[in-house]
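Taking it in order: structure first as structure tokens, then the write-up.
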Amino acid sequence: MTSKKRYERPVVTKHYSGFMNKIGTSSFSKPMKEIDGVQVTELVEKFGSPLFIISERRIRQNQRNAYRIFKTRYPKVQFAWSYKTNYLNAVCSVFHQENSWAEVVSEFEYDKARALGIKGDNIIFNGPDKNKSALIKAIKEKSKIHIDHFDELYDIIEICDSENLRAKVAIRVNMDVGVYPKWDRFGFNYENGEAWQAIKRIVSNKNLELIGLHTHIGTYMMSTEAYRIAASKLASLARSIKEQFEIIIEYIDLGGGFASHNTLLGQYLPAEETIPSIDQFADAISSGLFELNFRQDELPFLILETGRALVDDTGYLVSTVLANKRLSDGKKALIIDAGVNILFTGFWYKHKITPAQDCGLHTEEAAIFGPLCMNIDVVRESITLPLLKKGDRVVIEYVGAYDMTQWMQFITLRPNVVMIMEDGSVELIRQAETLEYITQRELIPEKLKSKS
């Protein structure tokens, strides 16, 4: 017995004469029925919708590829996984197994790294907010503390004096690299001499050991030349430190910020056609570092805190169509069960969204909204998709970076997160929230409790 054919309502499609547009004739791609060989429908049936999916295989490939690219250009390279990008324990653990240190920007993230077994001397402690208890902990555990401002420097000096400790420190440097607006709210400025003043105060203190220089010039950077300039300026500082204080620093940290293949809102061409490759970033950084003119045995380590570019394409979000609607202007709208509370990056990315099942041949421009009772819950303002019905699934790609750290419990609960392992098995790595979980920290005063 043959199955009943799926009904598609009649549609009128406009045809335009003239030249083809720059993008091509169609923006619709084939359905994504599986991820790493696992059927999407099976994942949803077992773990629910919406559902975040992480690929272990892709994480390992990305990290190994990045190491290979940089080590063919500079002899001493060390990656430090950026916890703020995605601090799920399973994700961090894969990066650590691939020889990545931990880069943290809060005491919470520091404690998370230590709980995962990362030694203090393999933790880079960044950020402007390091309270005294966190600093004492980091100093005692030999962490690499990147000083952000003079008040933090004075706190470290005071702690070392009172606790009879010696701290391993670096300074964060901000600078003009030709990209505007400048990121000058973090660290000490290069051009006005503030960074050099900080260096002099550090090397003059017997309880402080200057071991590195650090900069992070921005996020979603699309200029390789900016990294060459940053590397060149840090190399100049390192030469001056060697010449004036006879100190050879252990490392130069170029931070992160490499763009992923997510396309920004307002960006005409897709990201894969416009952003530099990791090879190009590596070429620029290594050319700047070779201005050190140090002997081979004196070359500092190059540390990279790459997050977004290594994890964005490892994450997927599967969502279910809740309804079809027509807006007042006649435009089609889809409502799905994943909103901006769990897809925070939807505010600045045009995420690739693909059906997870076979669909008809007709396509139509549509808006995609989440389930939140808020007008800002817009997943995509406009996208061309085939006709989808209630209950169909869609796969949202490139959600591995920041969505699982910046998400929030708002109106709906945060969903399950699974990891597809290299061997094809599927592991639950974060359980979906429940009402009990959400309310367990709440307290009701006695006078407000119901008497009925």
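The values are calculated or read from the model by the stated rules, or taken from the named source; none is laboratory data. These numbers were taken from a predicted model, which means no experiment stands behind them. Heads up, the Cβs are rebuilt from the backbone with ideal geometry, glycines too, and the neighbour counts pull from every protein chain shown.
Points worth noting:
- Number of positions in region 208-234 that are of a type in the set (Val, Ile, Thr) and over 15 Å from ARG308 (Cβ atoms): 4
- Flag if SER240 is closer than 20 Å to SER286 by Cα and either surrounded by fewer than 17 Cβ atoms within 10 Å (Cβ to Cβ) or assigned by TED's automatic domain parsing to the domain that holds TRP348 (or both): yes
- Taken residue by residue, region 415-427 has at least one member that is under 30 Å from THR306 (Cβ atoms), polar (S, T, N, Q) and in contact with a Gly (Cβ under 7 Å, 6 or more places away or on another chain).
- Looking across ILE118, ILE156, one residue alone is farther than 20 Å from PRO300 by Cβ, in a helix (DSSP H, G or I), of a type in the set (Val, Ile, Thr) and touching a residue at least 12 places away in the same chain (Cβ under 8 Å). It is ILE156.
- Single condition GLU191 does not satisfy, out of (1) part of a helix (DSSP H, G or I); (2) free of Cβ contacts under 8 Å to residues at least 24 places away in the same chain: (1)
- Condition met for GLY255 (free of Cβ contacts under 8 Å to residues at least 60 places away in the same chain and out of contact with any Leu (no Cβ under 9 Å at 6 or more places or on another chain)): no
- Note on region 256-295: residues that are out of contact with any strand residue (DSSP E or B) (no Cβ under 9 Å at 6 or more places or on another chain), of a type in the set (A, V, I, L, M, F, W, C) and either part of a loop (DSSP other than H, G, I, E, B) or within 17 Å of THR85 (Cβ to Cβ) (or both) amount to 2.
- Qualifying residues in region 263-291 (those that are of a type in the set (S, T, N, Q), touching a residue at least 60 places away in the same chain (Cβ under 8 Å) and out of contact with any helix residue (DSSP H, G or I) (no Cβ under 6 Å at 6 or more places or on another chain)) - the one surrounded by the most Cβ atoms within 10 Å (Cβ to Cβ): SER286
- Which numbered condition ARG414 fails, given (1) over 20 Å from the mean Cα position of the chain (by Cα); (2) farther than 22 Å from ASP36 by Cβ: (1)
- When region 75-104 is filtered for residues that are surrounded by fewer than 24 Cβ atoms within 10 Å (Cβ to Cβ) and assigned to a strand (DSSP E or B), the ones remaining, listed by number, are VAL77, GLN78, PHE79, TRP101.
- Positions within region 115-127 being surrounded by 15 or more Cβ atoms within 10 Å (Cβ to Cβ) and either at pLDDT below 95 or not hydrophobic (A, V, I, L, M, F, W, C) (or both), in sequence order: GLY120, ASN122, ASN126, GLY127
- Region 127-143 residues that are within 17 Å of ASP253 (Cβ to Cβ), paired with ones that are among the acidic types (Asp, Glu) and part of a loop (DSSP other than H, G, I, E, B) (beta carbon under 9 Å, 6 or more apart): GLY127/ASP148; PRO128/ASP148; LYS130/ASP148
- If the condition is being under 22 Å from the mean Cα position of the chain (by Cα) and buried (at least 18 other Cβ atoms within 10 Å of the Cβ), then region 180-193 contributes TRP183, PHE186, GLY187.
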